[in-house]
Amino acid sequence: MNLRHIEVFREVYLAGSVSGAARALNVSQPSVSKVLRHAESRLGFALFRRLKGRLAPTDEAHALFREVDDLYGRIGSLRQTALNLKRSGEGHIRLAVLPSLGLGVAPQAIAKFRRKNPRVSFDVRTLHHSEILRALYERESDLAVGFEVPPHPRLSSVDLATGEVGLLYREEELPNAPATLDLSVLKDRAVIGMVGSGPVGNLLTAELEGRGMQLAESISVHTYYVAAALVRFGAGIAAVDEYTACATVSEALSFRPLNPPVRFKVQYVFLNDRPPSGVVKAFVQTLTETFRQHRQG
């Protein structure tokens, strides 16, 4: 399929008719029909079937549209980036952070930075740990912030702060809990576990194995903020990082670091062949200050 095929296919899929697609594209109906037939001929399968006066997508069209929609999302992001660069006289920062940091620290740092630098624009995405390196490789982000980022020959990492793992729980589960908690309190309790939780999860697993402990996880999730939501609704207790906890604690929800402590590094990462620009370095300084204030608070 060429770009014209993709454009026509998308509009017909969304409109459900040739006439609707023609109006959206500001072209004639015969022109749309011709391009659509040519696309189907090139592909070797039908994209639509007429059903009750409308064009119903085939199974192949549904599968194809997912890719096309993703492509248009990338184009939209490209256009927005170009517009941001045009509007911004001082720079544009594409930032990738873990969901844990996207709940509090990163938005706080961005807001603080833009109050002093209103002409700097941001594109922010939250990614799982395994996706952050790809975002840098594929030049989707200029800067990534993660926990205990593994060394790589193409990457440079700089420590920003430290963090601790602890237990997030409802007050009624552990009333009058001490300032720190031992993992043994999880014995015979409903535990919410993390699937593919990255280096922080690995640190916790190593601590459990070192003590010969094995937890019976009643629920497994893929992001810490989902784990926090489950705790809030009484589904169990979760071991989470302090940054997730800080954004979710309330009168009914509490967090205690572990004893002995399980600590991790927070680092920012960039490609060796794309070192941070002046404006990125300035933002990193604000980010560092925000982490410091979090620790002191």
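The values are calculated or read from the model by the stated rules, or taken from the named source; none is laboratory data. Because the structure is predicted, anything quoted here is derived from the model rather than measured. For neighbour counting, all protein chains shown are included, and Cβ atoms are generated from backbone atoms with ideal geometry for every residue, glycine included.
With a requirement of 1 or more residues that are modelled with pLDDT under 85, the strands (runs of 3 or more DSSP E) lying completely within the stretch 154-242 that satisfy it span 191-194, 217-221.
If you scan the stretch 36-46, which residues turn out to be more than 15 Å from Leu14 (Cβ to Cβ), in a helix (DSSP H, G or I) and not charged (D, E, K, R)? His38, Ala39, Ser41, Leu43, listed by residue number. If I filter the stretch 5-35 down to residues being of a type in the set (Ser, Thr, Tyr) and part of a loop (DSSP other than H, G, I, E, B), which single residue comes out as surrounded by the most Cβ atoms within 10 Å (Cβ to Cβ)? The qualifying residue surrounded by the most Cβ atoms within 10 Å (Cβ to Cβ) is Ser17.
Evaluation of Ile132 against the conditions (1) of a type in the set (A, V, I, L, M, F, W, C); (2) without any contact (Cβ under 8 Å) to a residue 40 or more places away in the chain; (3) in a helix (DSSP H, G or I) shows that the sole unmet condition is (2). The set of residues in the stretch 178-195 being within 13 Å of Leu168 (Cα to Cα) and of a type in the set (Ser, Thr, Tyr) consists of Thr180 alone. You will find that of Glu251, Glu289, the residue that is loosely packed, with under 15 Cβ neighbours inside 10 Å and either in the same structural domain as Tyr169 (by TED's automatic domain parsing) or in contact with a His (Cβ under 7 Å, 6 or more places away or on another chain) (or both) is Glu251 and no other. One residue alone among Arg115, Arg66, Arg49, Arg74 is more than 22 Å from Asp273 (Cβ to Cβ) and in a strand (DSSP E or B), and that residue is Arg49. Checking Asp188, Asp241 one by one, the residue that is on the phi > 0 side of the Ramachandran plot and of a type in the set (D, E, K, R) is Asp188 and no other.
Selection of the stretch 52-63 for residues being assigned to a helix (DSSP H, G or I) and in contact (Cβ under 8 Å) with a residue 40 or more places away in the chain yields only Ala61.
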